[in-house]
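So the structure is just underneath, and the comments pick up after that.
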Amino acid sequence: MCNTCGCSSSADAITITKMGKQEPGPSGHGHHHHHDHHHNQRVLQVEQEVLSANNQLAEQNRHYFQSKNILALNLVSSPGSGKTTILERTVGMLGGDLPVAVIEGDQQTLLDAERIEATGVPVVQVNTGAGCHLDADMVHRALHKLSLPERSILLIENVGNLVCPAMFDLGEAAKVVIISVTEGEDKPLKYPAMFDAADICLINKIDLLPYVNFDVERCKQYALRVNHDLTFFELSATSGAGLENWVEWLRQRVNT
């Protein structure tokens, strides 16, 4: 995990910005990487402690969401799958029917948060520095910058990565893994932990199917080998095809 792959960041390398109230980021490079390849037992212990601490915070987040009937979803994918465009279209199609807020996760920049801010919904940007995923504490800190009403939707766009985000519970009701038809249908077999942790799989960019070598049914079969309970939505965030089914699922989930 992140303590051994070298992507962990110190707390002062992480910035959390409520859009419209931009704050200064950290100066310089305040992160250091420590490796001890000769003490595997100690590394394992640290990993277990990190995940345990994260899970405790995730439970606090989950209790908060449940107490206010907030549907919190963790959107995960590789970079370029179309997460941000899906968010833009989803927010627009909800059309004010339900309150929506977004937490954006990226290593650097406010670019995606600026795109979401243009839709008119509250958004907080979390920049993770060298970190390759969001964790429960980052989400907890971001929540302090949001005012979420009851019966609302919180969409969390995780850092683009199909590995580390699978291990970190944020307190979400469900993980939504997004795969685009330009990535290859074998991604569920190559990154099984992510598809196993997910509840929903969005297959995006179906408007490009005539131009790429991608078998949707084979991709689903591969994913179901890993996780028999996955629910699929085929859509195009560009053309809008299939988005109505996804948005209707969101509405129904909030109302249950």
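Between TYR64 and HIS228, what is the FRET efficiency for a Förster distance of 45 Å, r being their Cβ-Cβ separation, to the nearest 0.05? Before the final figure, lay out the partial values.
Working: r = 31 Å, r/R0 = 0.68.
Between TYR64 and HIS228 the formula returns 0.90.
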Within the set of other residues whose C-beta is less than 12 Å from the C-beta of GLU114, count the net charge using Lys and Arg as +1 and Asp and Glu as -1.
-4
Could you give the size of the charge dipole of the range 36-255 about its Cα centre, using +1 on the Cβ of each K and R and -1 on the Cβ of each D and E, expressed in debye and rounded to the nearest 20?
200 debye
HN-Hα couplings for the range 225-233 via Karplus (6.51, -1.76, 1.60; θ = phi - 60°), in whole Hz with x for Gly/Pro, come out as 4, 7, 9, 5, 9, 5, 9, 10, 10
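With r defined as the distance between the Cβ atoms of ALA53 and SER239 and R0 fixed at 41 Å, what FRET efficiency is calculated, to the nearest 0.05?
According to the calculation, E is roughly 0.40.
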Stretch gain in nm, segment GLU248-THR119, where the contour uses 0.36 nm per residue and the Cα spacing is subtracted
44.5 nm
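Laboratory data are not the source of any read-out in this text; all were calculated from the coordinates shown. Note that the structure is predicted; figures quoted are calculated from it, not measured. Quick reminder, even Gly has a Cβ in these numbers, built from the backbone with ideal geometry, and neighbours come from all protein chains shown.
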